[in-house]
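Notes follow once the structure below has been shown.
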Amino acid sequence: MSIEIDHVNKRFGDFTAIDNVSLTFNDGELTALLGPSGSGKTTLLRVIAGLEQPDNGRIRFHGEDATDLHVSKRSVGFVFQHYALFKHMSVFENVAYGLRVKPRGQRPDKAVIRDKVMTLLSLVQLDWTAHRYPHQLSGGQRQRIALARALAVEPKVLLLDEPFGALDAKVRAELRRWLRRLHDDIHVTSVFVTHDQEEALEVSDRVVVMNQGRVEQDGAPERIYDYPANPFVYRFLGNVNLFHARIHNGVARIGDVALEAPEFAGYRDAPGEAYVRPHDIEVFADRHHSGALHARIELVSRVGPTVRLELRTDESAHVVHAELSRHRFQELGLVQGGEAWIRPAHSRVFLPDTELAAG
Ligand SMILES: Nc1ncnc2c1ncn2[C@@H]1O[C@H](COP(=O)(O)OP(=O)(O)OP(=O)(O)O)[C@@H](O)[C@H]1O
């Protein structure tokens with residue numbers, strides 16, 4: 001079922017938590033809502049669920065207005081950060097709960113409930129825990145049971161609010177891969193809140209980046225990572241270097257380096273900012289023919305197969321972060337304290353402060 005958010009606003013007193021957001025979540029897609037703390041992700045999820053009423057705007061489920069529909073009529077399943085399993089019930093009873101409390105006419109009979117619960121427990125690969133109690137499970141297992149419980153009532157929409165937020169990094173990483181595979185099997189329209197960019201990029205079909213109650217960018221994970229719409233998204237999605245540039249006739253210059261910026265063809269000697277990811281900094285051991293910046297290598301750190309360099313160029317007070325393979329690093333024969341030449345291989349130029357998207 002698709003979900004359409006149409007010009008939704010939500011204020012708490014004078015504070016605007018959702019600022020005129022319009023978005024469509026496509027049928028069967030897993031979308032991540034990504035943004036810093038306080039950006040309005042949870043509020044948007046609660047508005048979709050019907051736990052919060054928008055001040056203006058409409059919510060449509062599969063094209064039908066659901067704005068005034070009670071939460072119990074929306075066919076949504078939830079999974080929250082803190083496992084909300086009933087402690088005094090076994091795993092089986094927890095998953096069966098939503099089916100057992102249905103009104104008599106809609107309640108499946110015992111054998112059907114049993115089959116369904118066992119199928120769901122197999123789906124989350126925990127059928128062997130049916131007779132255990134929540135305290136006998138790990139945090140990750142509890143979250144998988146919480147998901148099975150949410151799916152038992154066959155929701156048309158699944159809403160997950162930082163479902164793995166309370167778990168340690170390794171379990172988190174395993175569970176997000178597991179969630180991806182599960183979603184590939186069941187294809188229920190899902191909206192997943194996270195403030196972890198790696199989690200969003202790895203798990204979802206689509207990422208919506210939020211900031212201060214607004215949508216900064218909305219698109220496929222690769223697109224968002226490779227073509228951030230503005231400096232906020234660039235910074236939020238991982239490490240990035242910022243170089244001050246002068247833009248003239250569609251070319252941005254940083255010292256001797258000329259970067260193509262055709263979107264600024266009409267600009268004459270304007271200030272610009274070039275954003276470059278550490279792995280997009282090319283490093284050379286000697287002066288390169290097509291222009292490069294001279295730098296001193298201040299720090300070399302090896303992280304597994306990658307070598308991270310901190311460099312200082314002649315023209316900038318900022319440290320430049322570069323990342324290259326261990327193999328390439330050895331080939332170049334670079335040393336800490338030595339010199340190097342660097343050049344952005346891929347960059348994006350923006351006008352300062354305005355946060356205007358370039359191209
Ligand atoms: N019931 C409420 N009353 C007043 N302010 C609220 C209420 N709910 C949320 N807010 C405020 O709205 C803003 C957005 O909150 P929200 O929980 O949606 O952000 P979030 O992006 O999910 O953040 P986090 O990642 O920290 O959960 C916050 O500044 C929060 O303090």
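Which entries in K10/K102; K41/K73; K41/K110; K87/K170; K73/K116 show an alpha-carbon gap greater than 29 Å? Check vs 29 Å cut-off fails for K10/K102; K41/K110.
Counting neighbouring Cβ atoms within 10 Å and putting the fewest first, the residues R277, R348 line up as R277, R348. Against the empirical curve 2.2 N^0.38 Å, the C-alpha radius of gyration of the stretch 3-236 lands at a ratio of 1.03. The phi torsions of the stretch 212-218, fed into the Karplus equation with coefficients 6.51, -1.76 and 1.60 and a -60° offset, translate into couplings of 6, x, 10, 8, 8, 7, 9 Hz, rounded to whole numbers, with Gly and Pro shown as x.
Between 0 and 90 degrees, the angle of helix 139-152 with respect to the longest Cα principal axis of the chain falls at about 60 degrees. For the stretch 260-322, trypsin sites (Lys or Arg not before Pro) meeting the loop criterion (DSSP other than H, G, I, E, B) and having at most 16 other Cβ atoms within 10 Å: R268, R287.
Each of Y133, Y267 was scored by other Cβ atoms within 10 Å of its Cβ. Listed from fewest to most, they are Y133, Y267. Considering only P221, P271, P103, the Gaussian network model of the chain with Cα springs below 10 Å gives its largest mean-square fluctuation to P103.
Charge dipole of the chain (Cα centre as origin; +1 on each Lys and Arg Cβ, -1 on each Asp and Glu Cβ, all else neutral): 1640 debye, rounded to the nearest 20. For the stretch 241-350, the convex hull drawn through the C-alpha positions has a volume of 89 cubic angstrom per residue. Other residues lying with their Cβ under 11 Å from the Cβ of L126 contribute a combined charge of +2, Lys and Arg counting +1, Asp and Glu -1. Ranking of L34, L311, L23, L151 by neighbouring Cβ atoms within 10 Å, starting from the fewest: L23, L151, L311, L34.
Computed from the coordinates by the stated procedures, all read-outs in this text should not be read as laboratory data. Predicted model only: the values in this text are computed from it and were never measured. So basically every Cβ, Gly included, is an ideal-geometry build from the backbone, and we count neighbours across all protein chains shown.
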